[in-house]
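Each remark here refers to the structure printed beneath this line.
Values quoted throughout were computed directly from the atomic coordinates according to the rules given, and no laboratory measurement underlies them. Everything numeric in this text was worked out from a predicted model, so none of it was measured. Cβ coordinates were reconstructed from backbone atoms using ideal geometry, including for glycine residues, and neighbour counts include every protein chain displayed.
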């Protein structure tokens with residue numbers, strides 16, 4: 001009997017203990033990601049996912065966070081605010097994620113935000129620009145992308161060099177587009193520049209001739225364009241067809257100059273783009289080595305180069321979350337939220353550190369991202385002449 | 001005035017393609033009383049087939065469009081034979097649900113096959129616009145307008161001047177009597193679906209190069225097609241043609257002179273007004289379609 005126990009039960013139970021310990025150790029930390037993987041802005045959402053996957057793999061290659069691997073649970077919000085709220089609920093309630101990253105578009109993020117408060121789960125906002133996101137008093141929101149106001153301030157220093165006297169606006173009819181028009185309009189008014197036509201377009205609209213015809217008659221010298229890269233492509237092509245001779249400046253950092261060169265061709269020439277990552281010259285980024293490594297890894301994976309200006313957001317978002325979990329020492333929503341306030345990290349865009357924003361006592365976190373301006377010249381993204389040394 | 005002429009020209013170019021979408025749908029509607037939710041998917045299919053032929057197989061641009069139209073027609077016929085024919089005599093709800101299923105399945109199939117990133121179809125036309133007095137227009141858009149006119153004229157001749165057209169119209173009016181007169185009603189059904197779907201694919205093939213190609217592009221197109229059909233009256237060829245042009249111009253002028261944020265609302269306000277004043281469409285004759 002005794003012998004039987006020794007030969008069978010002991011090794012079996014020992015094996016079970018080892019196996020279960022192994023499972024506990026390998027049970028990954030789940031991070032929820034909400035992104036538009038289908039619908040009109042699907043390209044951007046997929047690039048953010050690719051960037052997030054690189055960050056995940058790098059973290060896991062370094063041994064994970066406190067010895068646990070990081071896993072991403074990605075949910076498609078279909079470029080639709082209604083779906084974004086559902087995606088957040090699904091990830092939190094069914095996926096049991098302690099932290100989220102998302103949800104690309106401002107309207108989608110705003111729709112998902114009440115769910116964060118309901119369940120008490122923090123979310124790192126990687127792309128959205130509408131000011132209201134950090135002003136609503138939702139203490140679970142931490143944004144690493146610049147709101148339109150910060151972007152406008154970033155452009156302010158180049159106003160003299162650009163010489164804008166009268167600007168027209170064209171924006172997607174969402175919280176993001178409307179917010180950008182207000183932010184850039186206010187900044188320009190402070191500098192006594194005139195505001196001409198202000199035109200909006202539906203997110204799925206393809207024919208923007210009516211808006212462009214109005215802008216052509218408005219007679220400004222600069223057109224501020226705020227929308228996804230798909231619509232920017234269409235607007236640039238249609239502006240060329242209608243001979244809308246303007247300096248065009250896109251805002252929001254989602255213009256992907258390389259994709260515009262590919263799809264809009266000559267119509268994209270000379271246009272200016274506010275971007276938050278410059279994959280064409282990683283040496284000019286705040287952390288050149290990190291930028292170079294990311295561009296190399298992105299290319300090695302066969303991801304399209306034009307996605308880099310969007311993909312970096314996914315990396316920075318996941319890196320921020322992993323750092324917060326490391327500081328918190330445990331993957332629980334409340335602990336991660338508290339740790340997010342202590343994060344101080346060098347991301348691809350630059351330093352990430354949250355400041356309080358919004359009504360006192362219920363502040364959201366807002367980082368101060370770096371803002372860059374590039375111009376398409378000779379079919380390539382380049383620094384504008386006045387920025388070249 | 002300069003802006004008005006440009007708006008009018010833009011509206012005409014847009015309206016032409018709306019007409020093409022509307023004609024295809026109105027024929028199918030008139031024939032089967034099927035709420036053909038998958039119509040927009042043939043538009044998407046036409047665009048993707050053109051992309052595949054012109055960009056991947058490097059086929060000549062015009063030939064690529066022809067391939068797309070042919071592909072759309074064949075699949076339209078297949079859809080009639082495989083999905084709708086077995087449902088003949090079923091309630092309208094059943095066919096409607098099957099059509100919604102087809103719509104969702106094809107759209108997700110496209111997403112799976114092509115990915116969510118928008119594609120751009122290469123075309124041989126110069127990008128510099130042609131300037132005529134106060135208005136300017138891209139050569140590609142003129143080509144599209146010409147192609148739309150040819151297709152509409154061709155459809156008109158087919159429906160009003162050929163034996164096949166007579167048979168189609170007879171079947172629209174009274175299926176049983178047409179069958180008694182020796183018309184192959186089943187064949188007419190298949191042909192009408194092929195024809196209607198081919199026109200939707202043609203619209204997608206022609207608009208794809210102007211705009212971008214992505215899986216959900218058909219949703220907006222289907223919405224416009226339904227609007228055109230409601231405007232022009234069910235099963236009414238001339239109504240769909242004029243309805244398309246009216247909708248295109250109304251949207252364009254609405255966006256130009258009211259507010260671009262309400263662009264689509266302008267079209268729908270017109271439709272509501274039409275439904276209030278002439279419930280069977282602007283150009284409908286009483287008791288035409290059974």
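In whole percents, the pair-distance distribution calculated for region A:237-283 from its alpha-carbon pairs, binned every 10 Å from zero, is 25, 54, 18, 3.
Over the C-alpha trace of chain A, radius of gyration and Dmax come out as 23.0, 98 angstrom. For the segment B:1-13, counting C-beta atoms of other chains within 10 Å of every residue's C-beta and taking the mean gives 3. Computed across region A:166-222, the Kirkwood radius stands at 11.7 Å (inverse of mean 1/r, all Cα pairs). When the P(r) of the protein assembly as shown is calculated, the portion above 31 Å amounts to 57% of the C-alpha pairs.
Residue exposure proxy: A:377, A:78, A:237, ordered by other Cβ atoms within 10 angstrom of their Cβ from fewest to most, comes out as A:377, A:78, A:237. Using alpha carbons only, how many angstrom separate the centre of region A:144-175 from the centre of region B:38-68? Taking the Cα centre of each part, region A:144-175 and region B:38-68 sit 39 Å apart.
Relative to the dominant Cα principal axis of chain A, helix A:229-241 is inclined by about 20°. Note on B:58, A:68: ascending count of other Cβ atoms within 10 Å places them as B:58, A:68, the fewest first.
The Rg/Rh ratio of region B:107-220, with both radii computed over alpha carbons and Rh defined as the Kirkwood radius, is 1.12.
When both region B:169-233 and region A:181-246 are represented by their alpha-carbon centers, they are found 36 Å apart. Computed from the alpha carbon atoms alone, the convex hull of region B:20-217 holds 130 Å³ per residue.
Highest mean packing first, where packing is the average number of other Cβ atoms within 10 Å per residue, the peptides B:83-90, B:256-263, A:333-340 line up as A:333-340, B:256-263, B:83-90. Counting every other Cβ atom within 10 Å of each residue's Cβ, B:114, A:176 order from fewest to most as B:114, A:176. For chain A, the mean residue ellipticity at 222 nm estimated from helices alone is -13000 deg cm²/dmol, where every DSSP H run of n ≥ 4 contributes -39500 (n - 2.57) and the total is divided by all residues, rounded to the nearest 500.
Remark: mean inter-chain Cβ contacts per residue of A:211-220 equal 4, using a 10 Å Cβ-Cβ cutoff to other protein chain atoms.
The mean count of C-beta atoms from other chains within 10 Å of the C-beta of residues in B:97-105, rounded to a whole number, is 0. Sorted largest first, the spans of the alpha carbon positions of region A:150-275 along the three principal axes are 34, 29, 28 Å. Please check: in the Gaussian network model of chain B (C-alpha springs, under 10 Å), which one of B:145, B:45, B:56 has the largest mean-square fluctuation. Maximum fluctuation in the GNM of chain B, among the listed residues, is at B:56.
In degrees, nearest 10, range 0 to 90: what is the angle between the Cα axis of helix B:263-277 and the longest Cα principal axis of chain B? The angle comes out at about 40 degrees. Expressed as an acute angle from 0 to 90° and rounded to the nearest 10, what is the orientation of the C-alpha long axis of helix B:185-207 relative to the principal long axis of chain B? Value to nearest ten degrees: 10. Rounded to the nearest 500, the helix-only mean residue ellipticity at 222 nm of chain B stands at -23500 deg cm²/dmol, with each DSSP H run of n ≥ 4 adding -39,500 (n - 2.57). Using alpha carbons only, how many angstrom separate the centre of region A:345-389 from the centre of region B:87-127? Each part's Cα centre sits 39 Å from the other's.
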